[in-house]
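Asks: Would you mind keeping the following structure in view while I ask a few things?
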Amino acid sequence: MSGVWIAMYACFCAGPIILENSAIRIEVDPQLFSVQFAGFPGGANFMERLLVEEEARAGSGWVDPGGLVTDVFPAPEREAVLRRGPASVEFQDAHSVILLGPVSEKLGVRMKKELRLEGDEAKARYTVTLLAQSQESKRYSVRNTVRVPLRSTIRVEKEKTEILPLAGLEKLAPVVVRSMNYWLIPVPPTSSVNKAVLGAAVLSFSLENRSGFWKRTIEKATAEDATPDNATPFFCVLDDATRSYGAALQSASQDVSLGAPLVFTESWEFVHRGTIKEEKPEKTEKEPADEKKE
């Protein structure tokens, strides 16, 4: 009875939804269809939220709420319905929430988002499902992008991968630096960057802040997730002019129809600072100068 009451109440609740256990806290905004806080209770937010004026919140136009948002590709530029909702709350309890966004008339699809804490552990699962409204099959992918706060570091494991400059950069250094085990991308960057885009063929990355580490990993729920057809499932965007810094994981493209939704799941793990070895930039004086910049 209580679970039914909570679910019915949640459908009409327009305020933020807080999921919390003894280890982590996550805050979701149904009206803006975004995650707005992820971290330890009383700790720093691993994502930067942006102020959205009440008039814009109540409207239907494009907004950037910061936090963690999802975009669909390919789609018309700034397809507001899929990005910002508002979403209805299909279910809510202390450790989980399911949000259902409105239908995009342009694409004939809608998004469902599910967040679930893993018991009392510092772990969660985030699932985005793209639902088609007809039997006609169209090919899509989804991208989950977090806006990275200042005084954070993006960490990508060095083993079996390279960071690739996709736009706005010819050389990685000094924007990307190396440690023993990771490629490190400080936010803000250590030198001026303008609309720089980086990519890597990895299924996970982590963010570091003063509280600790947040690792996001693509779960291999399907063969396409295990071997993505996109060469760089990880993306990083750095732009000093707009103070926009983002890190994203993207699904493989998939044919989506009424009976074949696209399901994209990330597993999240949070680790307190001091419980794992921290990585510092690696000294490489013996390498040729231009190799160090690579």
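Asks: Please report, to two decimal places, log10 I(q)/I(0) for the chain at q = 0.10, 0.12 Å⁻¹ as given by the Debye formula with identical point scatterers on the Cα atoms and no solvent.
Replies: Once normalised to I(0) and log-transformed, intensities are -0.55, -0.79.
Asks: If you keep only loop residues by DSSP, which GluC sites (Glu not before Pro) in the range 112-155 have at most 15 other Cβ atoms within 10 Å of their Cβ? List each step's numbers first, then the result.
Replies: Working: sites: Glu114, Glu118, Glu121, Glu136; in loops: Glu118, Glu121, Glu136.
Those that pass, being in a loop and sparsely packed, are Glu121, Glu136.
Asks: Which of the peptides 144-151, 191-198 is most tightly packed, and how do the rest follow, judged by the mean count of other Cβ atoms within 10 Å per residue?
Replies: On the way: 144-151: 19.1, 191-198: 16.5.
Packing order, densest peptide first, comes out as 144-151, 191-198.
Asks: Which aspartates and glutamates, if any, have their Cα less than 17 Å from the Cα of Lys280, not counting same-chain residues under 8 positions apart?
Replies: Those aspartates and glutamates meeting the cut-off are Glu157, Glu159, Glu208.
Asks: So if I average 1/r over every pair of distinct C-alpha atoms in the range 32-176 and take the inverse, what Kirkwood radius in Å does that give?
Replies: Numbers: mean 1/r = 0.0571 Å⁻¹.
Across the range 32-176, the inverse of the average 1/r is 17.5 Å.
Asks: Shifting gears a bit: In nm, to one decimal, how far is the modelled label at Ala44 from the one at Leu258, with both set 7 Å along Cα→Cβ?
Replies: Placing both labels 7 Å beyond Cα along the Cβ direction yields 5.0 nm.
Asks: Just need log10 I(q)/I(0) for the range 235-274 at q = 0.14, 0.27, 0.29, 0.32 Å⁻¹, Debye formula, equal scatterers on the alpha-carbon atoms, no solvent, rounded to two decimals.
Replies: With one equal scatterer per Cα and no solvent, log10 I(q)/I(0) is -0.62, -0.95, -0.99, -1.06.
Asks: Local charge sum around Gly39 (other residues, Cβ-Cβ under 10 Å, Lys/Arg +1, Asp/Glu -1)?
Replies: Values: positive: Arg25; negative: Glu27.
In short, 0.
Asks: Across the chain, where is the longest run that never hits chymotrypsin sites (Phe, Trp or Tyr not before Pro) in a DSSP loop with at most 15 other C-beta atoms within 10 Å? Provide the component values of the computation, followed by the final result.
Replies: Numbers: sites that count: Phe12, Trp62.
The longest uninterrupted stretch comes out as 63-294.
Asks: Shifting gears a bit: Hey, rough spin-label estimate for Ala201 and Glu170, points 7 angstrom out along Cα→Cβ, what's it come to in nanometres?
Replies: Simple spin-label model gives 2.6 nm for this pair.
Asks: Rounded to the nearest 500, what is the 222 nm mean residue ellipticity of the chain from helices alone, with -39500 (n - 2.57) per DSSP H run of 4+ residues and division by all residues?
Replies: Here the helix-only value at 222 nm equals -2000 deg cm²/dmol.
Asks: Right, next: Could you do me a favour and compute the accessible area per residue for the chain, 1.4 Å probe, result in Å²? It would help to have the intermediate numbers written out before the result.
Replies: Numbers: 14160 Å² over 294 residues.
About 48 Å² of surface per residue is accessible.
Asks: How large a share of the accessible area of the chain, in percent, is made up of carbon and sulfur atoms when the probe is 1.4 Å and the other protein chains stay in place? Don't skip to the answer; put the middle values down first.
Replies: Numbers: 7550 of 14160 Å².
The nonpolar share, carbon plus sulfur, comes to 53 percent.
Asks: Find how much the distance from Thr275 to Lys220 grows on full extension, using 0.36 nm per residue of separation minus their present alpha carbon separation; answer in nm with one decimal. Walk me through the intermediate numbers first.
Replies: Numbers: separation 55, 0.36 × 55 = 19.80 nm, distance 2.71 nm.
Working it through step by step, the gained length comes to 17.1 nm.
Asks: Still on this structure, please answer the following. Within a Cβ distance under 13 Å of Val89, other residues only, what is the Lys/Arg minus Asp/Glu net charge?
Replies: Working: positive: Lys112, Lys113; negative: Asp29, Glu90, Asp93, Glu114.
With Lys, Arg at +1 and Asp, Glu at -1, the neighbours total -2.
Asks: Indicate the gyration tensor shape class of the range 27-74 (rounded, prolate or oblate), computed on the Cα atoms with a ≥ b ≥ c the square roots of the eigenvalues: a/c under 1.5 is rounded; otherwise a/b larger than b/c is prolate and the rest oblate. Mind dumping the intermediate values first?
Replies: Working: a/c = 2.53, a/b = 1.50, b/c = 1.69.
Verdict is oblate for the range 27-74.
Asks: Go ahead and collect, in residue order, the members of the range 37-72 whose backbone nitrogen is under 14 Å from a label point 7 Å along the Cα-Cβ direction of Arg243.
Replies: 48-52, 66
Asks: Output needed for the range 35-110: three equivalent-ellipsoid semi-axes, defined as square roots of 5 times the C-alpha gyration tensor eigenvalues, in descending order, whole Å. Walk me through the numbers on the way to the answer.
Replies: Numbers: eigenvalues 111, 53, 31 Å².
Equivalent ellipsoid of the range 35-110: 24, 16, 12 Å, largest first.
Asks: Select from the range 54-119 those trypsin sites (Lys or Arg not before Pro) which occupy a DSSP coil region and have at most 15 other Cβ atoms within 10 Å, ordered by residue number. Intermediate results must be reported in sequence, preceding the final value.
Replies: Working: sites: Arg57, Arg78, Arg83, Arg84, Lys106, Arg110, Lys112, Lys113, Arg116; in loops: Arg78, Lys106.
Sites meeting the loop and neighbour criteria: Arg78, Lys106.
The values are calculated or read from the model by the stated rules, or taken from the named source; none is laboratory data. Keep in mind that this is a model prediction, so the values were computed, not measured. Glycine also receives a Cβ, built like all others from the backbone with ideal geometry; neighbour counts cover every protein chain displayed. Quick note on the areas: whole protein, heavy atoms, side chains included, nothing else; ligands and nucleic acids left out. Shrake-Rupley method; radii C 1.70, N 1.55, O 1.52, S 1.80 Å.
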